[in-house]
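Let me begin by presenting the structure, written as structure tokens, before commenting on it.
Only the coordinates and a few stated rules stand behind these numbers; no lab work does. Here the structure is a predicted model, which is why all the values come from computation and not from measurement. Note: ideal-geometry Cβ built from the backbone for every residue, glycine included; neighbour counts use all protein chains shown.
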Amino acid sequence: AFNCCGFQGELIIPSEIQTIGQSTFSGNSFSSIVFADNSELYKIGNGAFHNNSRLMEPIVLPSQLVIIESAAFGNCGMLPAITIPSTVTEIRVNAFSDCTALKTVNMTDGVTSINESFKSTAIETITIPNTVTSIGDYAFQNCIATVNQTYIPTLSYWNGTDISNAFLGSGNAD
């Protein structure tokens, strides 16, 4: 709808918006994205904010959000930090991939599955909650920095799942 329109500045998502569709705001130059108080947003679609080249303010996703689709924030090269609420259960493939300035990811209990979501980022600190039961192969592939994982007992095992390929090519790879 508004992809590649050259919009700049702050984007405020009104509280009554429940879904942001595929590629809705991709290819723009927003410096920040703010979700209104009492947001009813439950789904961010495929590539919704993909390739927002000037997105440089940390994002706190709204507390009603359930789904972060593939490449939702992919290639937002200046995004420094993201906070994911407990209502999100799955972070889909490439949701934050190629966010080369992304250093901090805050997740709370609720997230159960991390797919190939954070490839080619600069993550230094990530809190992975105990509710995570699945971390996909290559989830953190080619991370620029060495990841300081909170709650990960080893790099090859997580809640009974082999995650030995999750950090392939990153500073934490074996």
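How about the range 24-58: which chymotrypsin sites (Phe, Trp or Tyr not before Pro) there are in a DSSP loop, with at most 16 other Cβ atoms within 10 Å of their Cβ?
Y42
Output the peptides 123-133, 13-23, 72-82 sorted from most to least packed, where packing is the average of other Cβ atoms within 10 Å over each peptide's residues.
72-82, 123-133, 13-23
Relative contact order for the range 1-130: what is it in percent, counting Cα pairs under 8 Å that are at least 6 residues apart?
18
What does the extension gain come out to for I13 and T83, with contour length at 0.36 nm per residue minus their alpha carbon separation?
The I13-T83 span can extend by a further 23.6 nm.
Give the dimensionless ratio obtained when the Cα radius of gyration of the range 21-102 is divided by 2.2 N^0.38 Å.
This ratio for the range 21-102 stands at 0.96.
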